[in-house]
Amino acid sequence: MRELRIPLPRLGRGTKVALILTAAVWVVVASAGYWMEDGLTLFGWLAGTDAILRGQVWRLATAWLVHDPVSAWHVVTTGMGLYFLGTSLDESWGTKRYLLFLVGAGTFASACQVLLGAVVPYVHAPVFYGGVGVVDAVAIAWALSFRDRQVNLFFAMPMSPRGLVLFIFAMNVVFGVILGARHEGLVTPFAGMLAGWMGADGSPVRKVYLQWRFRSLQKQSESLRGVRAQRVPHLRVVKGGAGREAKPDKEMLN
């Protein structure tokens, strides 16, 4: 009888940081809500609200780190998404780029939620929080960066990158648009998908960034050398020959 083995990805440094930070924030917020009087005040200061438009911009960077303080399932699903899909990106991109991507995707998704919510009442969310937008960004970036791989969804369902993109989009439509059962709001998941597309390898946004970075490095290199590229100077032939005493060129002596 064969033993069923499920290959588990090896944790990278960036993934460890993301998982530890996510779990730590949940433990602190949940503990404060349970043990302290008015403990949910901390949760209220970190979640995304319309207060962002009134200057409380730190909520853009904390809304995706806060999860349901009453139930652990919300933070567990976020951790699973970061672990099973983010590990490959962490290994391929490196710790710095991967962590910057998570922060950028979470902040971008929160900004889209509050800005569109202020314009379109239907998508407005008085309070929004959770990491679904970041997980969706990681899933889309993974699918576009590793087009030749497969992912075993729920440990048993092989799925191509294109199938994963369609699955993520369908789940956002079902749970967000139809059921309206998302803590993150209606816009955040789709904005996370957009962030994943922008940050993936080969995306037009990524190409523009790399071109700008290349030109910036060129300018820095020229500045360090202290010279600019110049045309090769014209070479002049000095006449001379056998049987004739070569005389020094006055211009050369000067």
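The values are calculated or read from the model by the stated rules, or taken from the named source; none is laboratory data. Because the structure is a prediction, the values reported are computed rather than measured. No Cβ is skipped: glycine too gets one built from the backbone with ideal geometry, and neighbour counts run over all protein chains shown.
Looking at the structure I just gave you, is VAL132 over 23 Å from PRO69 (Cα atoms), surrounded by 17 or more Cβ atoms within 10 Å (Cβ to Cβ) and modelled with pLDDT under 95? Criteria not met by VAL132.
Is it the case that ARG182 is surrounded by 10 or more Cβ atoms within 10 Å (Cβ to Cβ), of a type in the set (D, E, K, R), under 25 Å from the mean Cα position of the chain (by Cα) and modelled with pLDDT of 80 or more? No.
Return yes when PHE214 is over 20 Å from ALA105 (Cβ atoms), modelled with pLDDT of 85 or more and not basic (Lys, Arg) and no when it is not. When the stated conditions are applied, PHE214 passes them. When every residue of the stretch 143-157 is checked against the conditions, at least one turns out to be surrounded by fewer than 24 Cβ atoms within 10 Å (Cβ to Cβ), hydroxyl-bearing (Ser, Thr, Tyr) and either at pLDDT below 85 or on the phi < 0 side of the Ramachandran plot (or both). Selection of the stretch 78-106 for residues being of a type in the set (Phe, Trp, Tyr) and surrounded by 22 or more Cβ atoms within 10 Å (Cβ to Cβ) yields TYR98, PHE101. If we scan the stretch 71-88, do we find a residue that is without any contact (Cβ under 8 Å) to a residue 12 or more places away in the chain and under 13 Å from the mean Cα position of the chain (by Cα)? Scanning the stretch 71-88 turns up no residue that is without any contact (Cβ under 8 Å) to a residue 12 or more places away in the chain and under 13 Å from the mean Cα position of the chain (by Cα).
Restricting attention to the stretch 185-211, which residues are on the phi > 0 side of the Ramachandran plot and at pLDDT 85 or above?
At the first step, the residues of the stretch 185-211 found to be on the phi > 0 side of the Ramachandran plot are 185, 202.
Of everything in the stretch 185-211, just one residue is on the phi > 0 side of the Ramachandran plot and at pLDDT 85 or above, namely GLY185.
Exactly one residue among ALA23, ALA18 is within 23 Å of VAL187 (Cβ to Cβ), assigned to a helix (DSSP H, G or I), of a type in the set (Gly, Ala, Ser) and modelled with pLDDT of 90 or more, and that residue is ALA18. Can you tell me how many residues within the stretch 48-91 are of a type in the set (Gly, Ala, Ser), within 22 Å of ALA125 (Cβ to Cβ) and in a helix (DSSP H, G or I)? Qualifying residue count, the stretch 48-91: 3.
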